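Trainee: I am attaching a structure below and will ask some questions about it afterwards.
The values are calculated or read from the model by the stated rules, or taken from the named source; none is laboratory data. All figures in this text were calculated on a predicted structure; none of them were measured in a lab. Here the Cβ positions follow ideal geometry from the backbone for every residue, glycine too, while neighbour counts run over all protein chains shown. Heads up: the accessible areas ignore ligands, DNA and RNA and are worked out on the full protein's heavy atoms, side chains in. Shrake-Rupley method; radii C 1.70, N 1.55, O 1.52, S 1.80 Å.
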Amino acid sequence: MTDILDGPPIVTRGVERTFVGATGQEIHVLRGVELTVQPGETIAVIGSSGAGKSTLLHLLGGLDRPTAGQVSLAGHDLSSLDDAELGHLRNRFVGFVFQFHHLLRDFTAIENVMMPLLIAGQPTKTARGRALELLHQVGLGERLDHRSSKLSGGEQQRVAVARALALEPPVLLADEPSGNLDVETSERLHDVLFELVREHGTALVVVTHNPLLARQTDRILDLRGGVLLPVDAAVPPYPRKD
Ligand SMILES: Nc1ncnc2c1ncn2[C@@H]1O[C@H](COP(=O)(O)OP(=O)(O)OP(=O)(O)O)[C@@H](O)[C@H]1O
Ligand SMILES: [Mg+2]
């Protein structure tokens, strides 16, 4: 398996995902998702609650496997990989930010950001330097040694963004990163998010109900009836700021 990326970080072909419900009935959530995420491209995925947005994001990041169709991460068809290879690929190529941050509560902000770097085998000093830099970039230079459980919701999400980008993955997958934040805090998080992905050329797929976030992306896709449909970004509520 190669660690080099020279094409789209994510490509899906005819992705389907079916769940079996509580009474044994099949729920066809995804019915043929076609998506190519180009290097450095930013994409918003919108759609009603239960449309399958989180399901899709899990599949894109190799946290789940499709019922039918193909997901390729960095040119590797995920169905050809065993769990260990998939784990390796995920660590190397994908960063995740979830709606509820999933930080380690008893660890400080800087420890949370250092964690993926240490797991990847970087020396403590290097990991600390990189984590420091990222936390300064997300405006938390004064909060390095606060336990994550003692940070505000917006601060925790900024730590989560810093952690997700620590290993400089070519693609960041974010599920409602500002879903439980107030308008002002959300905007601040969005600014930080876009600043970082643009600086590093990171591709971004972000699930959001927030038009302010969606309209900052290169394109908007609506997950509807189990497929992705392009949204006309020229019409409200998505007109571009510029
Ligand atoms: N593991 C599972 N087992 C059974 N059904 C599931 C499972 N995961 C998701 N579903 C069902 O699939 C559908 C899509 O769920 P999903 O969480 O992807 O929606 P969503 O678009 O992210 O919604 P929201 O905007 O509310 O977060 C829902 O009907 C959900 O109940
Ligand atoms: Mg969801």
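Trainee: So what is the accessible area of the range 10-230 per residue, in Å², with the probe set to 1.4 Å?
Mentor: I get 45 Å² per residue for this part.
Trainee: Next up: Report, in debye and to the nearest 20, how large the dipole of the range 10-230 comes out about its Cα centre when Lys and Arg carry +1 and Asp and Glu carry -1 on their Cβ.
Mentor: Roughly 140 debye for the range 10-230.
Trainee: Under a 10 Å cutoff between Cα atoms, tell me which one of ASP222, ASP175, ASP191 has the largest fluctuation in the Gaussian network model of the chain.
Mentor: Per the Cα network of the chain with a 10 Å cutoff, ASP191 tops the list.
Trainee: Which residue, ILE220, ILE110, ILE27, has the most motion in a Gaussian network model of the chain that connects Cα atoms within less than 10 Å?
Mentor: Top of the fluctuation ranking is ILE27.
Trainee: Still on this structure, please answer the following. Quick one: dipole size for the range 17-69, taken about the Cα centre, charges +1 on Lys/Arg Cβ and -1 on Asp/Glu Cβ, in debye to the nearest 20.
Mentor: 80
Trainee: Nearest 10 degrees, 0 to 90: what angle lies between the long axis of helix 109-119 and the longest principal axis of the chain (Cα atoms)?
Mentor: Computed tilt is about 70 degrees.
Trainee: Can I ask one more? Have a look at LEU135, GLY69, SER178 and report the one farthest towards the positive end of the charge dipole of the range 45-202, computed about the Cα centre with Cβ charges (Lys/Arg +1, Asp/Glu -1).
Mentor: My answer, from the dipole projection, is LEU135.
Trainee: Moving to a separate point now. Can you give the extra length, in nm with one decimal, that the chain gains between ALA120 and SER49 once fully stretched, where that is 0.36 nm per residue apart less the Cα-Cα distance?
Mentor: 22.0 nm
Trainee: Shifting gears a bit: Ignoring everything but the protein chains, give the 1.4 Å probe accessible area of LEU132 in square angstrom, nearest 10.
Mentor: Accessible area of LEU132: about 60 Å².
Trainee: Whose amide H sits under 5 Å from the amide H of ARG224, counting only residues 5 or more places off or on another chain, with H placed in the peptide plane?
Mentor: Answer set, sorted by chain and number: LEU229.
Trainee: For helix 83-93, what angle does its Cα long axis make with the longest principal axis of the chain, in degrees from 0 to 90 and rounded to 10?
Mentor: Taking the Cα atoms of the chain, the angle to 83-93 is about 60 degrees.
Trainee: About its Cα centre, what dipole magnitude does the range 128-216 give when the only charges are +1 on Lys and Arg Cβ and -1 on Asp and Glu Cβ, stated in debye to the nearest 20?
Mentor: It comes to approximately 260 debye.
Trainee: Continuing with this model, one more query. For the chain, the longest stretch holding no chymotrypsin sites (Phe, Trp or Tyr not before Pro) located in a DSSP loop with at most 16 other Cβ atoms within 10 Å is which?
Mentor: 108-242
Trainee: Rounded to the nearest 10 Å², what accessible area does ARG219 show when all protein chains are kept and the probe is 1.4 Å?
Mentor: Counting only protein heavy atoms, the figure is 80 Å².
Trainee: Heavy-atom accessible area of HIS102 with all protein chains present, probe 1.4 Å, nearest 10 Å²?
Mentor: Approximately 120 Å² of HIS102 is accessible to the 1.4 Å probe.
Trainee: Calculate how steeply helix 183-200 sits against the longest principal axis of the alpha-carbon atoms of the chain, using the helix alpha-carbon long axis, and give the answer as 0 to 90 degrees to the nearest 10.
Mentor: 90
Trainee: Further question on the same structure: Where the eigenvalues come from the Cα gyration tensor of the chain, what are the semi-axes √(5λ) of the equivalent ellipsoid, largest first, in whole Å?
Mentor: 28, 22, 17
Trainee: Any idea which of SER152, LEU193, LEU56 is furthest toward the positive side of the dipole for the chain, if Lys and Arg beta-carbons carry +1 and Asp and Glu beta-carbons -1?
Mentor: SER152
Trainee: Additional query: Among THR23, THR124, THR42, which one moves the most in a GNM of the chain with springs linking Cα atoms closer than 10 Å?
Mentor: Ranking THR23, THR124, THR42 by mean-square fluctuation puts THR23 first.
Trainee: Sticking with this one: Of all GluC sites (Glu not before Pro) in the range 90-166, which ones are in loop regions per DSSP and have a Cβ with at most 11 other Cβ atoms within 10 Å?
Mentor: In loop regions of the range 90-166 (DSSP not H, G, I, E or B), the sparsely surrounded GluC sites (Glu not before Pro) are GLU142.
Trainee: Probe radius 1.4 Å, ligands and nucleic acids left out: which of LEU78, LEU63 has the largest accessible area, and how do the rest follow?
Mentor: LEU63, LEU78
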